[in-house]
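Q: This is the structure I have questions about; it appears just below.
The values are calculated or read from the model by the stated rules, or taken from the named source; none is laboratory data. As the structure is a prediction and not an experimental result, all values here were calculated from the model. With ideal geometry, Cβ positions are generated from the backbone for all residues, glycine too; neighbour counts draw on all protein chains shown. Accessible surface is based on the protein model in full, side chains and every heavy atom, while ligands, DNA and RNA are left aside. Shrake-Rupley method; radii C 1.70, N 1.55, O 1.52, S 1.80 Å.
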2 protein chains.
Amino acid sequence: MKRIELVKVAIGKIPCDILIKGGKLVNVHTHEIYPVDVAIKEDRIAYVGDAEHLVGPETKIIDAESKYLVPGLIETHFHEYETQLAVEEFAKVFLERGTTTLPVSFYGMGIVRGTQAIKFFYDRLKNTSLRTYFLVPTLTYLQNRDLGLPRSPYTPEDEDFLAMLDWEGCIGIEEPPFLPLVKEDPVIIKLYERALEERKVIIGHACELTGRELNAYIAAGTSSDHEAVSVEEAIERARLGLKISIREGSGMPNLKELVKAITYNKIDSRAFNFCNDVASPFKLYQEGNIDDAVRKAIQLGVNPITAVQMASLNSAQVLGLGMDLGSIVPGKYADIILVNDLESFVIDQVIVGGNKVVENGNYIGPKLNIEYPSFLYNTVELSHLVQPSEISISVPGDRKYVKVRCIDSPEDSIITPEIHVKLPVSNGYVKSDTSNDILKIIMVNRYKEKQDTGIGFVRGFNLKEGAIATTYNPNQENIIAVGASDEDICFAINHIADIGGGLVVVKNKKVLSELQLPVLGLLSDQPLSKVLEDFKAIKLSIHSLGCKYKEPFHKLAFIGACGEIGILKITPYGLFNVHLGKIVSTVINKEK
Amino acid sequence: MKRIELVKVAIGKIPCDILIKGGKLVNVHTHEIYPVDVAIKEDRIAYVGDAEHLVGPETKIIDAESKYLVPGLIETHFHEYETQLAVEEFAKVFLERGTTTLPVSFYGMGIVRGTQAIKFFYDRLKNTSLRTYFLVPTLTYLQNRDLGLPRSPYTPEDEDFLAMLDWEGCIGIEEPPFLPLVKEDPVIIKLYERALEERKVIIGHACELTGRELNAYIAAGTSSDHEAVSVEEAIERARLGLKISIREGSGMPNLKELVKAITYNKIDSRAFNFCNDVASPFKLYQEGNIDDAVRKAIQLGVNPITAVQMASLNSAQVLGLGMDLGSIVPGKYADIILVNDLESFVIDQVIVGGNKVVENGNYIGPKLNIEYPSFLYNTVELSHLVQPSEISISVPGDRKYVKVRCIDSPEDSIITPEIHVKLPVSNGYVKSDTSNDILKIIMVNRYKEKQDTGIGFVRGFNLKEGAIATTYNPNQENIIAVGASDEDICFAINHIADIGGGLVVVKNKKVLSELQLPVLGLLSDQPLSKVLEDFKAIKLSIHSLGCKYKEPFHKLAFIGACGEIGILKITPYGLFNVHLGKIVSTVINKEK
């Protein structure tokens, strides 16, 4: 639309298309609340004030009497594919929660089927009412390479990867890790340089960085970060100019700790915004995403207008989109949510680009098709079925016990320490120890050209019988499985391959429950209701096997090696110690 | 410089070039003050913290013990040519006052000698240590056209004008007026559209706009404004998302009123920054510019850290330069000022891009040449000397008195109302009335192709004898003169033409004092000290003639018609009523 049309509406030359009447504006520029009308022409706001005179015979009126008008909420960092929802179903649940803008990279799709899949899903998500911007998926390109391991056969070539920066709607780079800078990686340096030249943003990933390294990561041009987990980390980062995306995701609830920077340490709230990073469909559906963060921040003592600022104006600036988004003022996109009160912050209506897409909290926008083309199916390709003999560890001689490296997986962190435990040996093979919760964990490469199988041990899942497996893990979207019995582990892996990807819970070579993710092994092609139902059944059956994790599959996913997240992780090539930067043997001092 | 060099410094791989040691950082991100070292590599900051370990044998140490480290101050709107200083002298005085960044358009130079002159001065100013960005000089293009009057023969063609948007270092547009949008001017619409597409800023000029018109101006994409003069205006604009540049210029002291929005109305200070717009060399030298605004804001109750935020971080964001400027953090330009205390805010040292250019408040940077090439001289071209007969107004018949339109010029405003006064007629000619301070005001077109001469009357100068004239006026840099005697007015005008432009005070056909501005009739080619000396003499001699204005030539300048500034103004074609949008007769009902 031409801006001059907005001018014509504002001066009363032509009527507005939509008038939102009588709402209380949460003004994020001045930090005030007062009543206004908002006049909209096509997809932008033309006038804010007393706008009665702009009504024509065709003008639609939205009654906002007694409602608060809040700018559409903005996510600053989120991997939509980790919700396992078809992107259309994902957009609906996001919109119902008042989030109207999302930057995305589709990096999981890129690992599984390359640039073609990224483009496909970007187009599909843009086709929904969710305002979608693109970020270069650094992790599609780097995943496993930064660990010195083989990459997906679908990894884009250097120049194709760099060229993504110029895709339409690309606003920057998604979480480039730090180490490639230290190693002076020419492609990553070029990516940074080009992005800065084009004044694009660099959404960082400063996991565990502090002091010199943090300074270096910021000096390179990194503009924001979502990995602060303590208030001290958040303050150190904010002081160095990094914008802090307070993360409140599944298995990553950092908000309670980080808002102390504002409420207790009195750090300027301009430095902060909200993100979810990773969220299960349950989290999205039951708790929400950015709305949930706003609500929690208010409960923890953040001023309600400040909380809204953080979720809108601050976020828009973090994404370099302040000219178009983040407040309800003339010229910006008409992305507006109506809430009944700021404390409960329940989303009543959502308007995106002048179109009402949510009414009474329910999606009422265009019907969205969740059928997908065949090239996205059958992408989990084992060269042969996995046999128990392949996941056995033999030890020479007649030893009764061996010491093994074991991944320790605490409930509240994705950082998984290396512990050393003693395991029994029977008939020359190392056994799991279910009584002490030391279980076998397996990762199988899903690309049939080279089917590698890594074997390790893990503590924390507490399965007393059966096994679980999934293609949902950010390593390379490989198959990861954990279980009490080798037979069930193999059965679960082979079943996952058979259904083309998903989540499965197995006992005695029978499927107890499953969520099929046939689209690239990453996404369901079913409605949200069906996904939630399957998820519920899965949780129940996992818990029946003894596991106590709140989100077992999210825990399992991040035991796969993934960038610079420490410490001991599983890969198709065996255990990997991230701090050492190399594959380590599962059995310690095997030869002795 | 490559960012990777900063990374190497930060992680301690190579030493820094400069270490600022032991200063107290004013952190504009977190709103805190605490001690740090700052390590610099080439022109950017590599590390902030305890940086002892980054010192190498070649590292220069700057001792900042007991000083505050403040980000280089940023002007958001300023016409540097209106200081009448050679740009090199101007840069020095700006730097000595702690301002390190300036966006410029050189619109006066453009009116006098077109695109060539703009380019010349942009290159010259960039060659100083002042960090210089370019803005498209909308007023070079529009001056007089928006009033329906002839433009300068040097006005750039439409496409040359639009192409300025792509000049290197161009960050946006400088003060496009509102009316061309209402008139749907295709060139101005194109300028807005292209700027928004390239995500550039639109530094607005919302003089007297409110309600519908203000909404329209903002909806078009205007991002900031410096024309608010009351706190109510400032709040209305801030609420609509416009960034408010609080102006504290010569004859435009708006700060005391506007900071009430922060101190009294508690509007979020994020909405505000500082500018000078227009400042005499005296103002710059004696009071300062942005440092003066910071100091005054603190005195008026603004928190000192907030005042610094407004002058740095906020300003950088207004200019779309937040990635490079506005705070002392890794990756940004090393533009840092050292002050002894925040309340007096006296600038001690100034570092720009890692180079110290001010020490003990004095410029110590590279020696700057203020010689200019010949095409910039002799640009005031009268076709013939102006004679008293040309500036007489005859009335038919034998009337003793006539009623005339008179410009009323109050001390504290550039808005000049139309008043009607009775003047005596002698021998068929209308006489001035010095006893009631009704003086003749003349504007002569300086382009010899068509020497038009406009005649009017003005109240406020209070000259009892003599005359003053100047080429300094933003109408078209024409010659403007006011005086008690027609002979002296003509003498002053002809003298100004003779010296190629400047400021002159005349009595009894003798020059009492003058400031020569031979460069385009706009700038001196002498050092600041000589300009100040001449200025002082001029003030004394004007006051000796009876004039009481603080800045008489700044008052005179803005009586020339200039864009949408109301109300009654002088042009070479006679009096112009801006609200009516047309030339009006000086004598009312002449025929009766």
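Q: Considering all alpha-carbon pairs of region B:209-363, what whole percent are spaced by more than 20 angstrom?
A: 52 percent
Q: Still on this structure, I have one more. Could you pull the copy-to-copy label distances for A:LEU300, with points set 7 Å along Cα to Cβ, in nm to one decimal and sorted shortest first?
A: 3.7
Q: Can you pull the Rg over Rh of region A:444-514, Cα-only, Kirkwood?
A: 0.94
Q: Using only Cα atoms, what is the ratio of the radius of gyration of region B:1-65 to 2.2 N^0.38 Å? Each step should come with its number before you reach the end.
A: Values: Rg = 11.6 Å, N = 65, 2.2 N^0.38 = 10.7 Å.
Taking the Cα Rg and dividing by 2.2 N^0.38 Å, one obtains 1.08.
Q: Leaving ligands, DNA and RNA out of it, work out the accessible area of A:ASP412 with a 1.4 Å probe and give it in Å² to the nearest 10.
A: Its accessible surface works out to 120 Å², give or take rounding.
Q: For peptide B:220-227, how many partner chain Cβ atoms fall within 10 Å of a residue's Cβ, on average?
A: Working: counts 8, 7, 3, 3, 0, 0, 0, 0.
Taking the mean over all residues of the peptide, I get 3.
Q: Given region A:44-120, what whole percent of its Cα pairs are spread farther than 16 Å? Mind showing how you got there, number by number?
A: Numbers: 1926 of 2926 pairs.
Value for region A:44-120 (Cα pairs over 16 Å): 66 percent.
Q: Okay, moving on. What angle do you read, to the nearest 10 degrees and between 0 and 90, between the alpha-carbon axis of helix A:107-126 and the longest principal axis of chain A?
A: 20 degrees
Q: Here's another thing I want to ask about it. Just from its helices, what would the mean residue ellipticity at 222 nm be for chain B, if runs of 4 or more DSSP H residues each count -39500 (n - 2.57) and the sum is divided by every residue, rounded to the nearest 500 deg cm²/dmol?
A: Working: 17 runs with 151 residues, N = 592.
Mean residue ellipticity at 222 nm (helix-derived): -7000 deg cm²/dmol.
Q: Can I ask one more? Can you divide the C-alpha Rg of region A:207-295 by 2.2 N^0.38 Å and report the result to two decimal places? Present the calculation step by step, with values, prior to reporting the outcome.
A: Details: Rg = 13.2 Å, N = 89, 2.2 N^0.38 = 12.1 Å.
Expressed relative to 2.2 N^0.38 Å, the Cα Rg reads 1.09.
Q: Taking beta carbons within 10 Å but only from partner chains, what does the mean come to for residues A:260-272? Walk me through the numbers on the way to the answer.
A: Details: counts 0, 1, 0, 0, 0, 2, 3, 5, 11, 1, 10, 4, 0.
Partner Cβ neighbours, averaged per residue: 3.
Q: Take the Cα pairs of region A:486-592, get the Kirkwood Rh, then feed it into Stokes-Einstein at 10 °C and 1.306 mPa s and tell me D in µm²/s. Write down the numbers at each step before the final one.
A: On the way: Rh = 15.7 Å.
Calculated translational D: 101 µm²/s.
Q: Another one. Working only with C-alpha atoms, what are the Rg and Dmax values of region A:274-433, expressed in angstrom?
A: 25.9, 79
Q: Still on this structure, please answer the following. How big is D, in µm² s⁻¹, for region B:99-170 by Stokes-Einstein at 37 °C and 0.692 mPa s if Rh is the Kirkwood radius over C-alpha pairs?
A: Working: Rh = 12.5 Å.
Roughly 263 µm²/s, to the nearest whole number.
Q: Any chance you could tell me what percent of the C-alpha pair distances in region B:242-289 go past 14 Å? Show your work: numbers first, answer last.
A: On the way: 567 of 1128 pairs.
I get 50 percent for the Cα pairs in region B:242-289 exceeding 14 Å.
Q: Roughly how large, in nm² to one decimal, is the mean projection of the convex hull of the alpha-carbon atoms in the protein assembly as shown? Don't jump to the answer; show the numbers that get you there.
A: Numbers: hull surface 192.9 nm².
Here the figure is 48.2 nm², rounded to one decimal.
Q: In degrees from 0 to 90, rounded to the nearest 10, what is the angle of the helix A:186-197 Cα long axis to the longest principal axis of chain A?
A: With rounding to tens, the tilt is 10 degrees.
Q: So, one more: Averaged across orientations, what area in nm² does the convex hull of the alpha carbons in region A:147-190 project?
A: For the Cα atoms of region A:147-190, the hull's average projected area reads 3.8 nm².
Q: Using only Cα atoms, what Kirkwood radius does region A:416-484 have, in angstroms? The partial results should precede the final answer.
A: Numbers: mean 1/r = 0.0763 Å⁻¹.
About 13.1 Å, per the Kirkwood formula over Cα pairs.
Q: Working from the pairwise distances between different alpha carbons, so that the mean of 1/r is found and then inverted, what is region B:249-329's Kirkwood radius in Å? Each step should come with its number before you reach the end.
A: Details: mean 1/r = 0.0762 Å⁻¹.
For region B:249-329, inverting the mean 1/r across all distinct Cα pairs yields 13.1 Å.
Q: How far is helix A:486-498 tilted, in degrees, relative to the longest principal axis of the Cα atoms in chain A, given as a value from 0 to 90 rounded to the nearest 10?
A: Taking Cα atoms only, the helix is inclined about 40 degrees.
Q: Sticking with this one: Shape verdict for region A:432-553, please, from the Cα gyration tensor: rounded (a/c under 1.5), prolate (a/b greater than b/c) or oblate. List each step's numbers first, then the result.
A: On the way: a/c = 1.82, a/b = 1.12, b/c = 1.62.
Taking the square roots of the gyration eigenvalues as a ≥ b ≥ c, region A:432-553 is oblate.
Q: So what's Rg/Rh here for region B:341-474, counting alpha carbon atoms and using the Kirkwood radius for Rh? Kindly include the intermediate steps, with their values, before the conclusion.
A: On the way: Rg = 23.7 Å, Rh = 19.7 Å.
Ratio of gyration radius to Kirkwood radius for region B:341-474: 1.20.
Q: Order the peptides B:397-408, A:311-322 from the highest to the lowest mean number of other Cβ atoms within 10 Å of their residues. Don't jump to the answer; show the numbers that get you there.
A: Numbers: B:397-408: 16.2, A:311-322: 25.6.
Top of the packing list down: A:311-322, B:397-408.
Q: Mind checking B:324-336 for the average number of partner chain beta-carbons within 10 Å of each residue's beta-carbon?
A: Details: counts 2, 0, 1, 3, 2, 8, 12, 12, 3, 0, 0, 0, 0.
Other-chain Cβ atoms within 10 Å of each residue's Cβ, averaged: 3.
Q: What area, in nm² and to one decimal, does the C-alpha convex hull of chain B cast on average over all directions?
A: On the way: hull surface 105.2 nm².
That works out to 26.3 nm².
Q: Oh, and also: Suppose we keep just the alpha-carbon trace of region A:1-154; what are its Rg and Dmax in angstrom?
A: 20.7, 66
Q: What span do the alpha-carbon atoms of region B:553-592 cover on each of the three principal axes, reported in whole Å from largest to smallest?
A: Largest first, region B:553-592 extends 37, 20, 14 Å along its Cα principal axes.
Q: Sticking with this structure for a sec: How big is region A:75-224 on each of its three principal axes, counting only the C-alpha atoms and giving the largest first in Å?
A: Projected onto the principal axes, the Cα atoms of region A:75-224 cover 42, 32, 28 Å.
Q: Using modelled backbone amide H atoms (1.01 Å from N, in-plane), which distant-in-sequence or interchain residues come within less than 5 Å of B:GLY169's amide H?
A: Sorted by chain and number, the residues that satisfy this come to none at all.
Q: What's the magnitude of the charge dipole for chain A around its Cα centre, counting Lys and Arg as +1 and Asp and Glu as -1 at the beta-carbon? Answer in Debye, nearest 20. Let's see the in-between values first.
A: Working: 64 positive and 77 negative charges, 203 e Å.
That gives a dipole near 980 debye.
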